Amino acid sequence: MELFSSIAIKLNAERSKSLDHPEDFGFALNSRGVMQKSMPAKIIARTKDGVKPLGMGLICYADQDCNENSISAELVRAGKWKSFNVGKLWAFINDTMIELVTIDPSNKNRGGRIYKTGFRTETGEVIIDL
């Protein structure tokens, strides 16, 4: 079992190591020109009513989009942070984005800002508490 915060920290470290050759680590530019890594996963929702399979989707991690309207994006634009030091982990399923974790230099050691709790199982299924 791997918590979302651990996944985000690991991917953030991978991204920092991959600056010269991101494709070797599975990163590529997305449609907005932001470096991103996507992994297919079976996504399951855990609610107060029980467990509900949502289907196949993607778990994605990306650098900070500098054009976004956020404090993190402002800090990147101002040169205080590098875009690869700020990352977001989310699930994408049925045309819906579910934010999971945001990581940045101010909270990296605490595991990031967690939006949804959950974990990835040993078999690669992603369980999201909704």
Taking only Cα atoms, what is the 0 to 90° angle, nearest 10, from helix 4-17's long axis to the longest principal axis of the chain?
30
Do you know the relative contact order of segment 2-129, to the nearest whole percent, from alpha carbon pairs under 8 angstrom that are 6+ apart?
28
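Would you mind finding the longest exposed-site-free stretch of the chain, with exposed trypsin sites (Lys or Arg not before Pro) meaning DSSP loop and at most 11 other Cβ atoms within 10 Å? Please list the in-between numbers first.
On the way: sites that count: R32, K48, K80.
Longest stretch, sites excluded: 81-130.
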Computed log₁₀ I(q)/I(0) - Debye formula, equal Cα scatterers, no solvent, the chain, q 0.17, 0.20, 0.22 Å⁻¹:
-0.88, -1.17, -1.36
GluC sites (Glu not before Pro) in segment 47-127 lying in a DSSP loop, each with at most 12 other Cβ atoms within 10 Å of its Cβ, come to E122
Ranked list, fewest to most other Cβ atoms within 10 Å of each Cβ, for V101, V51:
V51, V101
Give the long-range amide H neighbours of L100: residues separated by 5 or more places, or on another chain, with amide H under 5 Å away, using H modelled in the peptide plane at 1.01 Å from N.
L89, W90, A91
Distant-in-sequence amide H partners of A45 (H built 1.01 Å from N, under 5 Å):
K52, L54, I128
I'd like the Karplus ³J(HN,Hα) series for segment 35-51: coefficients 6.51, -1.76, 1.60, θ = phi - 60°, whole numbers in Hz, and an x wherever there's a Gly or Pro.
5, 9, 10, 10, 10, x, 7, 7, 10, 10, 9, 10, 10, 5, 8, x, 9
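Each reported figure results from applying straightforward, stated rules to the coordinates on display, with no laboratory input. Just so it is clear, the model here is predicted, and its values are computed rather than measured. Glycine gets a Cβ as well: all are built from the backbone with ideal geometry, and neighbour counts include every protein chain shown.
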